[in-house]
Amino acid sequence: MTATVNVYLDKQEYGKDKVRLLKVHKDTNVHRVDDLTIRCLLSGSSFTTSYTEASNKAVVATDSIKNTCYILAKSSKVVDTLELFAAELANHFLNTYGWVEGAHVTIIRHRWARMLIDGKEHNHSFWRDGDETRQTEIFIKRGPNCKGRRTIDLKSSIAGLLVLKTTGSSFEDFVRDEYTTLPEAKDRVLSTCVDATWEFNVPAVDSANVLSTLGQIPFNTIYDSVRDVTCDVFAKDESASVQATLYKMAAKSINNWKWLERVSYALPNRHFFAVDLNYFRGTKNLQEHADVYQPVADPSGLITATVARSLSARL
Ligand SMILES: O=c1[nH]c(=O)c2[nH]c(=O)[nH]c2[nH]1
């Protein structure tokens, strides 16, 4: 006889993923678009029996969750501010279904840049100018003791911003031992695909005040600013390493915005190695002679860090 192992449901969340939606803002004849991919996940102890006892009594169908995304996109005035639209969605599920304890919404916004036609920005034609996306993730929970309170975890990010600089980057003075083959580089190509995430400091609020509290945060300006800082520091820093440049980027955005608690970066170091052409008539292409490089897709370095506001800076 096999012994029965005691198990329990440790965690659960369910909902709809990859809800695709294009909102066209037609308030003037200069149309704007928000091309979104949405994930809405619900959680709470009432859903336990759907896993453990095959009871669907509490289950809001994921199909209804998908429909809700479209219905709110129709009525919402804030689709163009991802954080607020995500909050509207999460709030809707908590307000509509009293047994939902947590609503977790992630939205990805895909890029559409306005076309330049005859030298002018076109009113209603767009092109995809890169794979970079803007994202936000909000998790609103009913207060554990006070059901009318809401705690809000909110972070936003830029993913897939591909950048490259051809000088102003070195990597020297690292550990040299029997495992080392990498030469010191006084001047190298630096390229990375930026993932940057900034976490907001949002106080717990009454359910009625979720949207008005969040409405005070200039989310779109913060997004533009973090993106600008990322590019500005990348371009201007005389980089000693990806680590050192990353830290400057993150620290600058925390300094710029009182709302930001933590800023994280994940920066793959997409290597470009100077090709040794010495075999061909002694051609010089290493160190200060380098101008022909081989991009190496794999493996890449991966440098990650989170920089947080220190307690003294909060006072
Ligand atoms: O900026 C860098 N950081 C590293 O840790 C590292 N390691 C390496 O091989 N090249 C680099 N570059």
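Which one of 86, 274, 204 has the biggest mean-square fluctuation once the chain is modelled by GNM with Cα springs under 10 Å?
274
Show me the trypsin sites (Lys or Arg not before Pro) within the stretch 21-104 that DSSP assigns to loop and that have at most 11 other Cβ atoms within 10 Å of their Cβ.
Values: sites: 23, 26, 32, 39, 57, 66, 74, 77; in loops: 26, 57, 77.
Listed in order of number, the matching sites are 26, 57, 77.
Please report, to one decimal in angstroms, the Kirkwood hydrodynamic radius of the stretch 206-315 built from all distinct Cα-Cα pairs. Intermediate values should be presented prior to the final figure.
Values: mean 1/r = 0.0579 Å⁻¹.
So the Kirkwood estimate lands at 17.3 Å.
Taking only protein heavy atoms into account and a 1.4 Å probe, give the accessible area per residue of the stretch 94-145 in Å². Don't jump to the answer; show the numbers that get you there.
Details: 2960 Å² over 52 residues.
Roughly 57 Å² per residue, with all protein chains present.
Calculate one ³J(HN,Hα) per residue across the stretch 189-195 by plugging θ = phi - 60° into the Karplus curve 6.51 cos²θ - 1.76 cosθ + 1.60, and present them in order as whole Hz with x for glycine and proline.
Values per residue, Gly and Pro as x: 7, 10, 9, 8, 10, 6, 10 Hz.
Do the alpha carbons of any pairs in 155/248; 11/258; 74/258; 165/248; 18/77 sit beyond 24 Å of each other, and which pairs?
On the way: 155/248 20 Å; 11/258 33 Å; 74/258 33 Å; 165/248 17 Å; 18/77 22 Å.
Over 24 Å Cα-Cα: 11/258; 74/258.
Sorted by packing (mean other beta-carbon atoms within 10 Å per residue), highest first, where do 212-218, 126-132, 265-271 land?
Working: 212-218: 15.0, 126-132: 12.6, 265-271: 20.4.
The densest-packed peptide leads the list: 265-271, 212-218, 126-132.
Just to confirm my numbers, what's the Cα centroid distance between the stretch 102-128 and the stretch 1-54 in Å?
25
Where does the charge balance sit around residue 78 when Lys and Arg score +1, Asp and Glu -1, over other residues with C-beta under 11 Å from its C-beta? It would help to have the intermediate numbers written out before the result.
Working: positive: 23, 77; negative: 34, 80, 83, 88.
Net charge in that neighbourhood comes out at -2.
Given springs between every Cα pair under 10 Å in a Gaussian network model of the chain, which of 182, 190, 162 has the largest fluctuation?
Comparing 182, 190, 162 in the GNM, the peak value goes to 182.
Give me the base-10 log of I(q)/I(0) for the stretch 116-197 at each q in 0.19, 0.21, 0.24, 0.25 Å⁻¹, Debye formula, one uniform scatterer per Cα, rounded to two decimals.
Taken in order of the listed q values, log10 I(q)/I(0) reads -0.98, -1.04, -1.09, -1.11.
Restricting the calculation to Cα positions, tell me the Rg (one decimal) and the Dmax (whole number) of the stretch 25-106 in Å.
15.0, 54
When averaged across all projection directions, what area in nm² does the alpha-carbon convex hull of the stretch 136-245 cover? Please report the intermediate quantities before stating the final value.
Values: hull surface 40.5 nm².
With every direction weighted equally, the projected area is 10.1 nm².
Mind checking the log10 I(q)/I(0) for the chain at q = 0.07, 0.09 Å⁻¹? Debye, one equal scatterer per Cα, no solvent, two decimals.
At q = 0.07, 0.09 Å⁻¹ the computed log10 ratios are -0.40, -0.63.
Tell me, what HN-Hα J-couplings in whole Hz come from the Karplus equation 6.51 cos²θ - 1.76 cosθ + 1.60 at θ = phi - 60° for each residue of the stretch 47-64, using x for Gly and Pro?
7, 3, 5, 5, 8, 8, 10, 6, 9, 9, 4, 9, 7, 7, 4, 4, 5, 5
Within the chain, what whole-number % of the accessible surface is contributed by carbon and sulfur, with the 1.4 Å probe and all protein chains included in the calculation? Working shown, then result.
Details: 9580 of 18180 Å².
About 53 percent, which is the carbon plus sulfur part of the accessible surface.
Find the relative contact order for the chain and round it to a whole percent, using C-alpha pairs within less than 8 Å whose residues are 6+ positions apart.
Numbers: 578 pairs, mean separation 38.2, N = 315.
Worked out over the chain, it gives 12 percent.
The values are calculated or read from the model by the stated rules, or taken from the named source; none is laboratory data. As the structure is a prediction and not an experimental result, all values here were calculated from the model. Using ideal geometry, Cβ is built from the backbone for each residue, glycine included, and neighbour counts are taken over all protein chains shown. To get the accessible areas, we keep the full protein, side chains included, count just its heavy atoms, and leave off ligands, DNA and RNA. Shrake-Rupley method; radii C 1.70, N 1.55, O 1.52, S 1.80 Å.
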